[in-house]
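Here's the structure we're looking at; comments come further down.
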Amino acid sequence: MSSFLWESSSANAFSSSADGSISAGATTITLNSVTNLVAPGVLVIDRQDGSGNDTPALREYITFTGISGTDLTGVTRGVAGSTDQDHNSGALIEAIVSATHWTDLVDFLQAEHD
């Protein structure tokens, strides 16, 4: 069970891109912009390519616990059944409501209201 609830961005439709490549296992990820992003949070990498085509084989969900400059810190890779993998510089990174948000919310509420 999560000890806290995941935040969402402070504005709808947060998206940014990777500032440099992302290696599998990396626990810090640098974005081109973190404007309107709040921690702790859940993000998806490579949901779509630059042409708007879905890329399910590349899609990875991550959680992060902090933001320092344009770096996401405390990153946990491959959450919600996704695969921790390499991503290219410029990969699309978005904040969307995910199964991780909902399952942790349900767990949190069930523990508090049993």
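The values are calculated or read from the model by the stated rules, or taken from the named source; none is laboratory data. Just so it is clear, the structure is predicted and the values come from calculations on it, not from any experiment. For neighbour counting, all protein chains shown are included, and Cβ atoms are generated from backbone atoms with ideal geometry for every residue, glycine included.
Brief remarks on what is shown
- Selection within region 21-33: residues that are out of contact with any Leu (no Cβ under 8 Å at 6 or more places or on another chain) and of a type outside the set (S, T, Y). The member of this set that is nearest to F64 (Cα to Cα) is A26.
- Strands (runs of 3 or more DSSP E) fully within region 1-108 counting 2 or more residues that are in contact with a Phe, Trp or Tyr (Cβ under 7 Å, 6 or more places away or on another chain) and of a type in the set (A, V, I, L, M): 41-45
Residue by residue, here is whether (1) closer than 22 Å to S10 by Cα; (2) touching a residue at least 24 places away in the same chain (Cβ under 8 Å) holds:
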site	(1), (2)
R47	yes, yes
S51	no, no
T55	no, no
I62	yes, yes
S68	yes, no
H87	no, yes
E94	yes, yes
T103	yes, no
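- Single residue of T63, T70, T55, T35 found to be of a type outside the set (A, V, I, L, M) and touching a helix residue (DSSP H, G or I) at 6+ places or on another chain (Cβ under 9 Å): T63
- Given (1) touching a Ser or Thr at 6+ places or on another chain (Cβ under 8 Å); (2) closer than 19 Å to E7 by Cα, index of the condition D49 fails: (2)
- T55 vs. criteria closer than 20 Å to T103 by Cβ and among the polar types (S, T, N, Q): no
- G41 being farther than 22 Å from T103 by Cβ and not hydrophobic (A, V, I, L, M, F, W, C): no
- Number of positions in region 40-64 that are under 28 Å from F108 (Cβ atoms), modelled with pLDDT under 95 and surrounded by fewer than 21 Cβ atoms within 10 Å (Cβ to Cβ): 1
- Total residues in region 66-96, condition of a type in the set (A, V, I, L, M, F, W, C), under 12 Å from the mean Cα position of the chain (by Cα) and under 20 Å from G52 (Cβ atoms): 4
- Of all the numbered requirements in (1) closer than 22 Å to H87 by Cα; (2) surrounded by fewer than 15 Cβ atoms within 10 Å (Cβ to Cβ); (3) touching a Leu at 6+ places or on another chain (Cβ under 7 Å), A18 misses one, and that requirement is (2).
- Every residue from region 5-54 that is of a type in the set (F, W, Y) and over 15 Å from T76 (Cα atoms): F14
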